[in-house]
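Step one of this worksheet: look at the structure below.
The values are calculated or read from the model by the stated rules, or taken from the named source; none is laboratory data. For clarity, every value in this text was computed on a predicted model and none was experimentally measured. Note: ideal-geometry Cβ built from the backbone for every residue, glycine included; neighbour counts use all protein chains shown.
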Amino acid sequence: MSEFVPPRGFEEALRPPVDVRRARITPSILRPSRGTGEASARLAQVARRAPEVMVKITGRTRDGGHLQRHLDYISRNGALPLEGPDGERLKGRSEVRELTRDWTEELAMEPGRRRDAPVSLSIVLSMPAGTEVFRLHDAARAFAADVFGDRFPYVFALHDEGRHPHVHLTVRMLGRDGERLNPRKADLQAWREGFARALRDRSVEAEATPRRARGVARKAERTPVRKMRERFVAGKGALPKVLAAAYREALETGGGDRPWLAAIRARELAVRRALVAEALRLGRSERAEDRALAALVERFVRERPVPETRDQALRRTAVERDRSGRTR
């Protein structure tokens, strides 16, 4: 009987949607290896449903006044210290104002600077609720040092409201050697993987897998839209126009098939087949840990959600509300 050869492969399900080798500014030390051993370890993390990190660019400040307001916000008007490279800590509004003045003055001396050139990049680093705050904070410290180091000045602050701790990282767009901070999508993916690695180094389970690895088809909701939707649900605001338009479009299509749905279904089928094949391969291993992983992967596939687009989710929500109203 021939040796079982799994189809190509579960590694593809874990492959990020962009090639991290195209990262423009990220040090190569943060880029992941491509070995099968790491892929197997990541498969175990995914099957255990390790929490996913979030590394999100939330905006750019455009002038000194904008930068000052942003730093006041993340420092809670000077109540929280802003930490920079080498453990430097800025305390109080006067030190925050001094930092704003330093950054804007250096930016003003940049040769050939455009008037609308941004001053700083705003990044949020977070994990799901329940992550130990001090480990999150320390991982963010290590991540910032590895990515930006001495090249781009930065400060960060931990917001620990108990329910959802996160770190606000603000990086000056003008580097110390005149380089401009202009991250690509590949940089963002490398940042996600680097932050996840920093957390794992501190004994926190964390992953940075693509949505398809988890059976998710929809992109995350944009923060402004999410906040407006939450205000609407709480009865404190109107339904966001973008969501109202999405509801209308979803209901008008009446559940009709869209061209991209076939591609989503085909991709999900390929991922499931690859995961099942890997579970079969591991199940035939003589090693107990491989067989345990096989059982974990098998359960993960059985419990894996069916990918749902935004239109499908909105239609389902509307139908559920309609049924709920009829049964009252």
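Of all the criteria given as (1) under 30 Å from residue 210 (Cβ atoms); (2) touching a Lys or Arg at 6+ places or on another chain (Cβ under 7 Å); (3) assigned to a loop (DSSP other than H, G, I, E, B), the one not satisfied by residue 139 is (3). Here residue 218 meets the list (1) modelled with pLDDT of 65 or more; (2) outside any helix (DSSP H, G or I); (3) under 30 Å from residue 41 (Cα atoms) almost entirely, failing just condition (1). A search for C-beta distances below 8 Å between a residue of the stretch 93-115 that is farther than 16 Å from residue 175 by Cβ and any residue that is of a type in the set (Gly, Ala, Ser) and surrounded by 15 or more Cβ atoms within 10 Å (Cβ to Cβ), counting only pairs 6+ apart in sequence or on different chains, returns 93/75; 93/78; 94/78; 95/78; 96/75; 96/78; 100/64; 101/64. Going by what's in this entry, would residue 106 be described as surrounded by fewer than 15 Cβ atoms within 10 Å (Cβ to Cβ), of a type outside the set (A, V, I, L, M), closer than 17 Å to residue 73 by Cβ and assigned by TED's automatic domain parsing to the domain that holds residue 75? Against the criterion (surrounded by fewer than 15 Cβ atoms within 10 Å (Cβ to Cβ), of a type outside the set (A, V, I, L, M), closer than 17 Å to residue 73 by Cβ and assigned by TED's automatic domain parsing to the domain that holds residue 75), residue 106 does not qualify. The set of residues from the stretch 138-151 being crowded, with 19+ Cβ neighbours inside 10 Å and under 27 Å from residue 69 (Cβ atoms) comprises 140, 143, 144, 147, 148. Annotation: residue 86 fulfils all but one of (1) assigned to a helix (DSSP H, G or I); (2) touching a residue at least 24 places away in the same chain (Cβ under 8 Å); (3) out of contact with any strand residue (DSSP E or B) (no Cβ under 6 Å at 6 or more places or on another chain); the unmet one is (2).
Within the stretch 69-83, the set of residues being under 23 Å from the mean Cα position of the chain (by Cα) and assigned to a loop (DSSP other than H, G, I, E, B) comprises just one member, 75.
Table: residues versus (1) within 15 Å of residue 85 (Cβ to Cβ); (2) touching a Leu at 6+ places or on another chain (Cβ under 7 Å); (3) among the charged types (D, E, K, R).
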| site | (1), (2), (3) |
| --- | --- |
| 98 | no, no, yes |
| 122 | no, no, no |
| 127 | no, yes, no |
| 141 | yes, no, yes |
| 147 | yes, yes, no |
| 150 | yes, no, yes |
| 154 | yes, yes, no |
| 186 | no, no, no |
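Residues are listed down the side, and each one gets a yes or a no for (1) assigned by TED's automatic domain parsing to the domain that holds residue 302; (2) surrounded by 13 or more Cβ atoms within 10 Å (Cβ to Cβ); (3) modelled with pLDDT under 65:
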| site | (1), (2), (3) |
| --- | --- |
| 256 | yes, no, yes |
| 260 | yes, no, yes |
| 263 | yes, no, no |
| 282 | yes, yes, no |
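A search for C-beta distances below 6 Å between a residue of the stretch 161-180 that is surrounded by 16 or more Cβ atoms within 10 Å (Cβ to Cβ) and any residue that is of a type in the set (A, V, I, L, M) and at pLDDT below 90, counting only pairs 6+ apart in sequence or on different chains, returns 174/107.
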